[in-house]
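Novice: Let me give you the structure first, and then I'll get to my questions.
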Amino acid sequence: MAIKKIGVLTSGGDAPGMNAAVRAVVRTALNRGLQVVGIYGGYDGLITGDIREMNLRSVANIINRGGTILGSARSPEFRTEEGMQKAIKQCLSHEIDGLVVIGGDGSFRGAQDMTRRGFPCIGIPGTIDNDISCCEHTIGYDTALNTCMELCDKLRDTMQSHGRCSVVEVMGRHAGYIALNVGIAIGATSILLPEIAFDFQKDVIDRMEEAKSTGKNDFIVVVAEGVGHAEEMAKQIQEITGIETRATILGHVQRGGTPTLFDRVLASRMGARAVELLIEGKSNRVVAEQVGRIVDFDIEQALSMKKTLDMDLYRMALEISM
Ligand code: F6P
């Protein structure tokens with residue numbers, strides 16, 4: 001059956017660049033003769049029927065905006081059979097033939113469940129965490145990295161003035177991609193990641209003492225949120241080294257802001273490809289980026305893949321930050 005009308009929604013934690021992806025989905029679909037509806041509030045909007053017709057101008061002036069014009073949510077109701085049935089009923093009553101879901105792995109599980117019940121879905125990876133295994137860069141990751149870098153540079157200024165240490169906690173859920181790359185970009189003395197076991201004395205204190213012995217006067221320790229305990233670590237560092245130490249948890253500021261050029265282009269390419277896949281009659285696929293190319297994977301396969309941290313990058317970071 002040829003597809004006539006598609007829906008697009010954003011789900012889970014928002015990420016800068018989601019709007020660019022929505023724009024690409026809407027414009028590609030309309031320009032290929034399809035009708036498009038926006039579903040507001042993630043899967044919750046699908047359950048309640050918050051579904052609105054989109055035209056070319058509905059997505060004007062959003063490519064540069066962070067957040068998502070469609071709103072987002074993590075929907076516990078959608079994970080129930082009853083919620084799922086309500087969502088499918090809404091799709092049928094709005095004559096939606098296929099769905100594009102922009103979000104993280106939780107959102108893809110929802111898309112997979114819909115597909116299993118006979119409803120075609122395509123996933124687009126939108127999350128600052130970059131924790132989608134089949135995809136080298138997820139939408140929002142590059143912007144979040146740059147935001148963290150800028151904020152850490154500001155911290156560095158004041159740490160230098162006072163000869164202090166700053167323990168900075170960055171987001172990433174269970175993944176350390178943000179922490180590792182930000183750590184490199186700002187020259188952190190230590191980078192603590194959930195993927196790599198660490199010894200506080202050896203990997204934090206000894207490195208600080210060693211750097212201090214060569215004349216270093218200010219320090220930044222980057223901690224991934226999956227490791228946590230930034231406040232506690234700051235206290236310990238101060239107690240053991242005598243260096244005044246402050247903790248900063250960057251928090252949700254990392255999720256907002258103007259998307260970078262990289263995220264805008266990536267999101268545009270992924271959005272356009274997602275629509276093409278639906279037109280080609282494909283379903284249960286995740287659009288991804290690998291070595292600069294846009295590719296796609298079966299959702300099940302994508303969810304079962306394991307993403308590993310680049311250990312060479314980690315080793316290099318340690319070597320050059322002393
Ligand atoms: O997945 C994106 C993310 O920002 C994670 O880095 C973080 O752990 C989580 O979402 C925070 O979730 P919430 O916005 O619900 O507090």
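The values are calculated or read from the model by the stated rules, or taken from the named source; none is laboratory data. All figures in this text were calculated on a predicted structure; none of them were measured in a lab. Reconstructed Cβ throughout: ideal geometry from the backbone, glycine too, with neighbour counts over all protein chains shown.
Novice: Away from the ligand (no atom under 13 Å from the Cβ), over 17 Å from Val8 (Cβ atoms), touching a Lys or Arg at 6+ places or on another chain (Cβ under 7 Å) and not assigned by TED's automatic domain parsing to the domain that holds Gly251 - does that describe any residue in the stretch 132-141?
Specialist: Yes, the stretch 132-141 contains at least one residue that is away from the ligand (no atom under 13 Å from the Cβ), over 17 Å from Val8 (Cβ atoms), touching a Lys or Arg at 6+ places or on another chain (Cβ under 7 Å) and not assigned by TED's automatic domain parsing to the domain that holds Gly251.
Novice: Given the residues Glu244, Glu195, which is the only one that is outside the structural domain of Gly126 (by TED's automatic domain parsing), over 30 Å from Gly103 (Cβ atoms) and either buried (at least 16 other Cβ atoms within 10 Å of the Cβ) or away from the ligand (no atom under 16 Å from the Cβ) (or both)?
Specialist: Glu244 is the lone residue from the list that is outside the structural domain of Gly126 (by TED's automatic domain parsing), over 30 Å from Gly103 (Cβ atoms) and either buried (at least 16 other Cβ atoms within 10 Å of the Cβ) or away from the ligand (no atom under 16 Å from the Cβ) (or both).
Residue-wise test of (1) over 22 Å from Gly172 (Cβ atoms); (2) of a type outside the set (A, V, I, L, M).
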site	(1), (2)
Val222	no, no
Leu261	yes, no
Glu280	yes, yes
Gln290	no, yes
Ala302	no, no
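Novice: If you don't mind, another one. Just checking, which of Val36, Val101 is surrounded by 16 or more Cβ atoms within 10 Å (Cβ to Cβ), within 16 Å of the ligand (Cβ to nearest atom) and of a type in the set (Val, Ile, Thr)?
Specialist: Every option except Val101 fails the conditions.
Novice: Between a residue in the stretch 257-268 that is basic (Lys, Arg) and any residue that is crowded, with 17+ Cβ neighbours inside 10 Å, which pairs come within a Cβ distance under 8 Å, given they are 6 or more apart or on different chains?
Specialist: These pairs meet every condition: Arg264/Gly17; Arg264/Ala20; Arg264/Ile63.
Novice: Still on this structure, I have one more. Please enumerate the residues belonging to the stretch 181-192 that are more than 14 Å from the ligand (Cβ to nearest atom) and either of a type in the set (Val, Ile, Thr) or modelled with pLDDT under 95 (or both).
Specialist: Those that are more than 14 Å from the ligand (Cβ to nearest atom) and either of a type in the set (Val, Ile, Thr) or modelled with pLDDT under 95 (or both): Ile184, Ile186, Thr189, Ile191.
Novice: Then there's this: Is it true that some residue in the stretch 277-288 is in contact with a helix residue (DSSP H, G or I) (Cβ under 8 Å, 6 or more places away or on another chain), part of a helix (DSSP H, G or I) and either loosely packed, with under 14 Cβ neighbours inside 10 Å or charged (D, E, K, R) (or both)?
Specialist: Taking every residue of the stretch 277-288 in turn, none turns out to be in contact with a helix residue (DSSP H, G or I) (Cβ under 8 Å, 6 or more places away or on another chain), part of a helix (DSSP H, G or I) and either loosely packed, with under 14 Cβ neighbours inside 10 Å or charged (D, E, K, R) (or both).
For (1) in a loop (DSSP other than H, G, I, E, B); (2) modelled with pLDDT of 95 or more; (3) buried (at least 19 other Cβ atoms within 10 Å of the Cβ), each residue gets a yes or a no:
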| residue | (1), (2), (3) |
| --- | --- |
| Asp142 | no, yes, yes |
| Glu150 | no, yes, no |
| Ala175 | yes, yes, yes |
| Ala179 | no, yes, yes |
| Val222 | no, yes, yes |
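Novice: Taking into account only those residues within the stretch 232-251 that are without any contact (Cβ under 8 Å) to a residue 40 or more places away in the chain and outside any loop (DSSP other than H, G, I, E, B), which is nearest to Ile69 (Cα to Cα)?
Specialist: My answer is Glu232.
Novice: Would you mind telling me which numbered condition in (1) within 30 Å of Ile6 (Cα to Cα); (2) in contact with a helix residue (DSSP H, G or I) (Cβ under 8 Å, 6 or more places away or on another chain); (3) of a type outside the set (A, V, I, L, M) Thr248 fails?
Specialist: In the conditions (1) within 30 Å of Ile6 (Cα to Cα); (2) in contact with a helix residue (DSSP H, G or I) (Cβ under 8 Å, 6 or more places away or on another chain); (3) of a type outside the set (A, V, I, L, M), Thr248 misses (1) alone.
Novice: Next question, about the same structure. Ile96 - would you say it is farther than 26 Å from Cys148 by Cβ and touching a residue at least 40 places away in the same chain (Cβ under 8 Å)?
Specialist: Answer is yes for this residue.
Novice: All but one of (1) surrounded by fewer than 22 Cβ atoms within 10 Å (Cβ to Cβ); (2) among the small types (Gly, Ala, Ser); (3) in contact (Cβ under 8 Å) with a residue 60 or more places away in the chain hold for Gly41, so report the exception by its number.
Specialist: Among (1) surrounded by fewer than 22 Cβ atoms within 10 Å (Cβ to Cβ); (2) among the small types (Gly, Ala, Ser); (3) in contact (Cβ under 8 Å) with a residue 60 or more places away in the chain, the lone unmet condition for Gly41 is (3).
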